[in-house]
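Accompanying notes for the structure given below.
The values are calculated or read from the model by the stated rules, or taken from the named source; none is laboratory data. The model shown is predicted, which means the values in this text are computed figures rather than measured ones. Counting neighbours? That spans all protein chains shown, and the Cβs are built from the backbone with ideal geometry, glycine included. Side chains included, ligands, DNA and RNA excluded: accessible areas come from the protein's heavy atoms. Shrake-Rupley method; radii C 1.70, N 1.55, O 1.52, S 1.80 Å.
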Amino acid sequence: MNIRHHIFAVAAAAMLTTGAYAADIKLGVSGPFTGGSASMGVSMRDGVRLAAKEINAAGGINGNKIVLVERDDEAKNERGVQIAQELINNEKVVATLGYINTGVALASQRFYQDAKIPVMNNVATGSILTKQFPNAPENYVFRNAAPDNIQAPLIAKEAVEKRGLKKVAILADSTNYGQLGREDLEKALKGYGVTPVAVEKFNIGDVDMTSQLLKAKNAGADVILTYAIGPELAQIANGMAKLGWKKPMIGSWTLSMASFIDTAGKNGNGATMPQTYIQTPSTTAKRKAFQAAYLAEFKPKNNNIASPVSAAQGYDSVYLLAAAIKQANSTEGPKIVAALQDLKTPVDGVVITYNKPFSATDHDAIKMKDVVMGVVENGRVEFLNAEDATPKKK
């Protein structure tokens, strides 16, 4: 009897060691929780926390509990690299969620690619992110955010096609995000036969955009297109007000950030941007439940999520990954990737219902039809077009 018990105990221990019945599923979470990008990073992290809490309360993934290993990458490439190595080598995560900044993602995710550990980019939008390793036999990089090669055409369409504004000035920050986004914008404008009258660059931390705005004004610009992160966007809106020169401001999704809206105040009204999710009284039970749970759990200022897009995409990214792990019945990277590329069951997300969102050749879940245009109105982002308030199924 003792021998039989001993054999059973050894077998059970062996299964635990191999991960067949691992008690915990460790997921990395990497994002900027301090600094100028913190409103995006914290919102994303809190969305991830909320989803993990819900999944664990419902029994976990195949009976196993999600454990989040969170790290602040400070929006710094070198810090992101250190964290990636730590999460892979020391924490032994089975996947990582996050990345707000395109530069940090590009610097960091190569380590996951080499280790055959999936990365789910839930906020970073650089077009190249999911195609960074085109010659690899397997691609371990996925995304459920709207890439810049979707956002840029929407920005150009709003400015040129819908509003007839062809004297375009581009103001983009000097980060990888800003400059890659600028390239996508110029390509999209070229499709309309439009060449910008001014293309200006600025650095993170700049507090005076007078020089860039004067060049745009003197060039006869009738619209300002932006690709930037952080509160510098507010300096553009405030700088135009200071000059007494008010022109439409249309840019990437980051114009929805609290750091822009709060700092720009009334000068930010009318700023327009692509969005995957807008925090408004919602039309679906899923969105209502998400908003109620998020506000109750994290109590953001004035009940406004600092970065609703980041929160919603962070939340959805956990459910997408959980669905793949459940389907694979494994935490092995190659098996998770195979499941993600062929999810059998739709995932009911906040942004959309994900119905086979990935394939072997396409690791971007969000498509053009999933993105709407938002506009800043009196301290909040609203739908630019009322008909977009009803979410679409994917």
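Which of the residues belonging to the range 365-380 are more than 14 Å from LYS157 (Cα to Cα), in contact with a strand residue (DSSP E or B) (Cβ under 7 Å, 6 or more places away or on another chain) and either in a loop (DSSP other than H, G, I, E, B) or at pLDDT below 95 (or both)?
The one that is more than 14 Å from LYS157 (Cα to Cα), in contact with a strand residue (DSSP E or B) (Cβ under 7 Å, 6 or more places away or on another chain) and either in a loop (DSSP other than H, G, I, E, B) or at pLDDT below 95 (or both): ALA365.
Residues are listed down the side, and each one gets a yes or a no for (1) in contact (Cβ under 8 Å) with a residue 24 or more places away in the chain; (2) among the hydrophobic types (A, V, I, L, M, F, W, C); (3) touching a Ser or Thr at 6+ places or on another chain (Cβ under 9 Å); (4) on the phi < 0 side of the Ramachandran plot:
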{"position": "LEU185", "(1), (2), (3), (4)": "yes, yes, yes, yes"}
{"position": "LEU189", "(1), (2), (3), (4)": "yes, yes, yes, yes"}
{"position": "GLY193", "(1), (2), (3), (4)": "no, no, no, no"}
{"position": "VAL207", "(1), (2), (3), (4)": "yes, yes, no, yes"}
{"position": "ALA216", "(1), (2), (3), (4)": "yes, yes, no, yes"}
{"position": "ALA234", "(1), (2), (3), (4)": "yes, yes, yes, yes"}
{"position": "GLY239", "(1), (2), (3), (4)": "yes, no, yes, yes"}
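Is there a residue in the range 140-151 that is of a type in the set (Phe, Trp, Tyr), more than 21 Å from MET368 (Cβ to Cβ) and without any contact (Cβ under 8 Å) to a residue 60 or more places away in the chain?
Checking the range 140-151: not a single residue is of a type in the set (Phe, Trp, Tyr), more than 21 Å from MET368 (Cβ to Cβ) and without any contact (Cβ under 8 Å) to a residue 60 or more places away in the chain.
Suppose we keep only residues that are of a type in the set (D, E, K, R) and not in a helix (DSSP H, G or I) within the range 330-351. Which one would you say is least open to solvent (accessible area, probe 1.4 Å)?
ASP342
Out of everything in the range 277-299 that is of a type outside the set (Gly, Ala, Ser) and free of Cβ contacts under 8 Å to residues at least 24 places away in the same chain, what residue ends up being surrounded by the most Cβ atoms within 10 Å (Cβ to Cβ)?
Checked the range 277-299; the qualifying residue surrounded by the most Cβ atoms within 10 Å (Cβ to Cβ) is GLN291.
Six or more apart or on different chains, Cβ under 6 Å: which pairs go from a residue in the range 56-77 that's closer than 18 Å to LYS92 by Cβ to one that's of a type in the set (D, E, K, R)? Could you list them?
ILE61/LYS326; LYS65/ASP24; VAL67/ASP24; VAL67/LYS26; VAL69/LYS26; VAL69/GLU91
Name every residue in the range 131-161 that is out of contact with any strand residue (DSSP E or B) (no Cβ under 7 Å at 6 or more places or on another chain), hydrophobic (A, V, I, L, M, F, W, C) and over 25 Å from ASP114 (Cα atoms), in order of residue number.
ILE150, ALA152, ALA156, VAL160
Just to verify a result, which residue in the range 117-152, among those that are more than 16 Å from ALA365 (Cβ to Cβ) and among the aliphatic types (A, V, I, L, M), is farthest from the chain's Cα centre (by Cα)? Give the steps one after another, and end with the answer.
The first filter runs over the range 117-152 and keeps only residues more than 16 Å from ALA365 (Cβ to Cβ), leaving 117, 128, 132-138, 152.
In the following step, the residues that additionally are among the aliphatic types (A, V, I, L, M) were identified as 117, 128, 136, 152.
Values: ILE117: 19, ILE128: 14, ALA136: 24, ALA152: 15 Å.
Within the range 117-152, the match that is farthest from the chain's Cα centre (by Cα) is ALA136.
What single numbered condition from (1) modelled with pLDDT under 95; (2) open to solvent by 30 Å² or more (accessible area, probe 1.4 Å); (3) closer than 16 Å to ASN121 by Cα fails to hold for LEU68?
(1)
Could you tell me whether any residue of the range 186-207 is buried (at least 23 other Cβ atoms within 10 Å of the Cβ) and of a type outside the set (Gly, Ala, Ser)?
The answer is no, given that none of the residues of the range 186-207 is buried (at least 23 other Cβ atoms within 10 Å of the Cβ) and of a type outside the set (Gly, Ala, Ser).
Evaluate the following for ALA159: is it under 16 Å from THR272 (Cα atoms), over 19 Å from the mean Cα position of the chain (by Cα) and open to solvent by less than 70 Å² (accessible area, probe 1.4 Å)?
Values: under 16 Å from THR272 (Cα atoms): yes; over 19 Å from the mean Cα position of the chain (by Cα): yes; open to solvent by less than 70 Å² (accessible area, probe 1.4 Å): yes.
Here the answer is yes, as ALA159 does meet what is asked.
Suppose the filter is surrounded by 15 or more Cβ atoms within 10 Å (Cβ to Cβ) and either hydroxyl-bearing (Ser, Thr, Tyr) or within 20 Å of VAL207 (Cβ to Cβ) (or both); does MET273 pass it? Before the answer, list the steps.
Values: surrounded by 15 or more Cβ atoms within 10 Å (Cβ to Cβ): yes; either hydroxyl-bearing (Ser, Thr, Tyr) or within 20 Å of VAL207 (Cβ to Cβ) (or both): no.
No: the conditions fail for MET273.
Regarding ASP46, is this residue among the acidic types (Asp, Glu) and open to solvent by less than 10 Å² (accessible area, probe 1.4 Å)?
no
Of the residues GLN313, GLN327, which is of a type in the set (S, T, N, Q), surrounded by 23 or more Cβ atoms within 10 Å (Cβ to Cβ) and part of a helix (DSSP H, G or I)?
Checking each option against the conditions leaves just GLN313.
Would you check which residues across the range 114-130 are surrounded by fewer than 19 Cβ atoms within 10 Å (Cβ to Cβ) and touching a residue at least 24 places away in the same chain (Cβ under 8 Å) and list them?
Across the range 114-130, the qualifying residues are ALA115, LYS116, ILE128.
Are any of the residues in the range 253-264 open to solvent by 10 Å² or more (accessible area, probe 1.4 Å), among the hydroxyl-bearing types (Ser, Thr, Tyr) and either touching an Asp or Glu at 6+ places or on another chain (Cβ under 6 Å) or under 17 Å from ASP388 (Cα atoms) (or both)?
Of the residues in the range 253-264, the ones open to solvent by 10 Å² or more (accessible area, probe 1.4 Å) are 253, 258-259, 261-263.
The next check asks that each one be among the hydroxyl-bearing types (Ser, Thr, Tyr); those that pass are 259, 263.
Filter once more, keeping what is either touching an Asp or Glu at 6+ places or on another chain (Cβ under 6 Å) or under 17 Å from ASP388 (Cα atoms) (or both): none.
Within the range 253-264 (the criterion being open to solvent by 10 Å² or more (accessible area, probe 1.4 Å), among the hydroxyl-bearing types (Ser, Thr, Tyr) and either touching an Asp or Glu at 6+ places or on another chain (Cβ under 6 Å) or under 17 Å from ASP388 (Cα atoms) (or both)), the answer is no, since none of the residues qualifies.
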